[in-house]
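Remarks on the structure that follows.
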Amino acid sequence: MVGEPDRLEIYTDGACAGNGVRPRAPGGWSAVFSDGRRLSGGEPATTNQRMELTAAIQALRAVPEGAAATVYSDSAYLINAFADDWFSGWIRRGWRNSKNEPVANRDLWEELLALSRRRDVQWRKVRGHAGQHGNVLADRLAVEAARQVAAAQPSG
């Protein structure tokens with residue numbers, strides 16, 4: 001990971017065991033930092049999108065206020081919200097999307113927006129599963145976190 005000397009680089013990823021199959025399933029998230037830190041965790045009943053957002057939230061919580069960071073993600077959902085400033089419309093419409101429906105994952109978006117406003121954050125899209133080391137590692141850690149959560153759940 002090579003970038004600006006004072007800018008921390010962070011690769012984030014989310015994973016969900018039942019993504020596209022079940023509405024809520026065991027999921028995991030991770031963040032891989034250019035300074036060597038790694039964070040990961042999971043939830044027993046979640047979605048892939050929630051895990052993508054949680055990864056970014058947990059990453060920014062670990063960045064001091066006012067610090068500079070570049071967050072890399074393969075989630076278009078996450079990156080496009082910042083690149084295209086979806087927030088302005090959502091807030092103007094009372095946290096409703098362009099279809100006048102409540103914004104999904106509002107709780108996470110509000111926290112992520114607040115965290116990002118207190119830091120100098122650049123958001124960068126990376127291609128998933130394209131061999132980029134930070135993204136591959138973040139994916140592996142998120143998948144492992146989801147597996148650990150699933151294994152800890154009682155069967156039946």
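The values are calculated or read from the model by the stated rules, or taken from the named source; none is laboratory data. Keep in mind the model is a prediction, meaning the values are calculated, not measured. Positions of Cβ are backbone-derived with ideal geometry, glycine not excepted, and every protein chain shown enters the neighbour counts.
Which one of these is of a type in the set (V, I, T), within 13 Å of the chain's Cα centre (by Cα) and over 30 Å from P154 (Cα atoms): V71, V103, V63?
Sole residue among the options that is of a type in the set (V, I, T), within 13 Å of the chain's Cα centre (by Cα) and over 30 Å from P154 (Cα atoms): V71.
Could you tell me whether the range 44-60 includes any residue that is closer than 18 Å to I10 by Cα and either acidic (D, E) or over 12 Å from the mean Cα position of the chain (by Cα) (or both)?
yes
Looking only at helices (runs of 4 or more DSSP H) that lie completely in the range 12-115, which have at least 1 residues being touching a strand residue (DSSP E or B) at 6+ places or on another chain (Cβ under 8 Å), among the hydroxyl-bearing types (S, T, Y) and on the phi < 0 side of the Ramachandran plot?
Here the list reads 48-61.
Is there any pair linking a residue in the range 116-143 that is surrounded by 13 or more Cβ atoms within 10 Å (Cβ to Cβ) and hydrophobic (A, V, I, L, M, F, W, C) to one that is part of a loop (DSSP other than H, G, I, E, B) and modelled with pLDDT of 95 or more, with Cβ under 6 Å and at least six apart or on different chains, and which?
V126/D74
Within the range 9-43, count every residue that is at pLDDT below 95 and surrounded by fewer than 15 Cβ atoms within 10 Å (Cβ to Cβ).
Matching residues across the range 9-43 total 5.
Among what's in the range 116-131 and is aliphatic (A, V, I, L, M) and part of a loop (DSSP other than H, G, I, E, B), pick the residue that is nearest to the chain's Cα centre (by Cα).
Checking each candidate, the answer is V126.
When residues of the range 73-107 are filtered for being free of Cβ contacts under 8 Å to residues at least 40 places away in the same chain, of a type in the set (A, V, I, L, M) and out of contact with any helix residue (DSSP H, G or I) (no Cβ under 8 Å at 6 or more places or on another chain), how many remain?
Number of matching residues: 1.
Given the structure, is A146 among the small types (G, A, S), more than 27 Å from D35 (Cβ to Cβ) and surrounded by 15 or more Cβ atoms within 10 Å (Cβ to Cβ)?
no
Out of (1) within 24 Å of I10 (Cβ to Cβ); (2) modelled with pLDDT of 95 or more; (3) of a type in the set (D, E, K, R), what's the single condition that is false for R93?
Status for R93: all satisfied but (1).
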